[in-house]
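The values are calculated or read from the model by the stated rules, or taken from the named source; none is laboratory data. Predicted model, so just to flag it, every value in this text is computed and none were measured. We place every Cβ from the backbone using ideal geometry, glycine too, and count neighbours over all the protein chains shown. Remember, those area values only see protein heavy atoms, side chains included, never the ligands or the DNA or RNA. Shrake-Rupley method; radii C 1.70, N 1.55, O 1.52, S 1.80 Å.
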Amino acid sequence: MRSDRSSAGWPLKIAAAGGLLFLHLPIVLIFVYAFTTEEKSFQWPPPGFTTQWFAVAWNRPDVWEALTLSVKVASIATLIALVLGTLAAAAVARSAFFGREAISLLVILPIALPGIVTGIALRSAFSLAEIPYSMWTIILGHGTFCIVVVYNNAVARFRRTSGSLIEASMDLGADGFQTFRHVVLPNIATALLAGGMLAFALSFDEVIVTTFTGGQQATLPIWMLEELIRPRQRPVTNVVAMLVVIVTFLPILAAYYLTRDTDRISGSGK
């Protein structure tokens, strides 16, 4: 039987390959330069290869301080986003009230605005309120866009989950908490997990908002930026960049596999 799908032509294949190469070649170069023996410059081809920079990065306390701060910030910002994003999604998807679409727009606005606008706004607000810059100001800044990621995932799942399931649970005598635990949460769990993973990845590698809200605090991406400006050992920066790529890629990959087969939600049919 003849397939309905026509094979892509060679020009289209070449264009697709060129686009993928353009996107991913810089990442490959990061991995290559993490093993170079050259300490002060980027030479191509590298004069030699070594694994010594991994040990150097492991023994540098400034790397661990920046990594610890990034993990703390991303974890707390993700937790806040899961709570507030889920509540906002439930209110918008399950309630009809005046101004609902306007509120939905306001919730997603922070991720649509340029990061520098968000950063300046937050810095101005912190200055007016005389809030000292600390880990918590970074968390508040990251929470503005992490909530959006969780909200988008949760609201889409809420809208695809049949309201008759909740009504049936209530008719059978379950209270609000029991209905949420046994009916709602199982249906939105993968969406929340995927949203949380994406939020963690976005927070972990955020630079612009952190620059305006961090003060003297240096997360791992800020540390990398400073090392590129005033390098001591360039390959160490590439080793750390490898870590960032891996840490952010794995949650995004997991989120993709968790949400790719969510068209068929329990109870979504009539």
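Filter the stretch 87-120 down to the residues that are within 16 Å of residue 153 (Cα to Cα) and hydroxyl-bearing (Ser, Thr, Tyr) and list them by number. If the condition is that a residue be within 16 Å of residue 153 (Cα to Cα) and hydroxyl-bearing (Ser, Thr, Tyr), then 104 is the only one that fits. As a summary of the residue check, residue 133 satisfies the conditions (1) closer than 25 Å to residue 65 by Cα; (2) crowded, with 21+ Cβ neighbours inside 10 Å except for the one numbered (2). Only residues that are modelled with pLDDT under 85 and among the aromatic types (Phe, Trp, Tyr) were counted in the stretch 146-158, giving 1.
Could you tell me whether residue 119 is under 17 Å from residue 87 (Cα atoms), at pLDDT 80 or above and open to solvent by less than 30 Å² (accessible area, probe 1.4 Å)? Considered against the rule, which asks whether it is under 17 Å from residue 87 (Cα atoms), at pLDDT 80 or above and open to solvent by less than 30 Å² (accessible area, probe 1.4 Å), residue 119 comes out as no.
In the set (1) modelled with pLDDT under 85; (2) open to solvent by 70 Å² or more (accessible area, probe 1.4 Å); (3) under 15 Å from residue 207 (Cα atoms), the condition left unmet by residue 106 is number (3). Just so you know, in the stretch 213-227 the residues that are in a helix (DSSP H, G or I) and open to solvent by 50 Å² or more (accessible area, probe 1.4 Å) include one that is nearest to residue 110 (Cα to Cα), and it is 225. Residues that are of a type in the set (Phe, Trp, Tyr) and part of a helix (DSSP H, G or I) within the stretch 82-140 comprise 126, 136, listed in sequence order. Residue count for the stretch 165-213 satisfying the condition of being among the small types (Gly, Ala, Ser), more than 17 Å from residue 78 (Cα to Cα) and at pLDDT 80 or above: 0. Kindly indicate whether any position in the stretch 76-96 is under 20 Å from residue 215 (Cα atoms), crowded, with 21+ Cβ neighbours inside 10 Å and out of contact with any Pro (no Cβ under 9 Å at 6 or more places or on another chain). Yes, the stretch 76-96 has at least one match.
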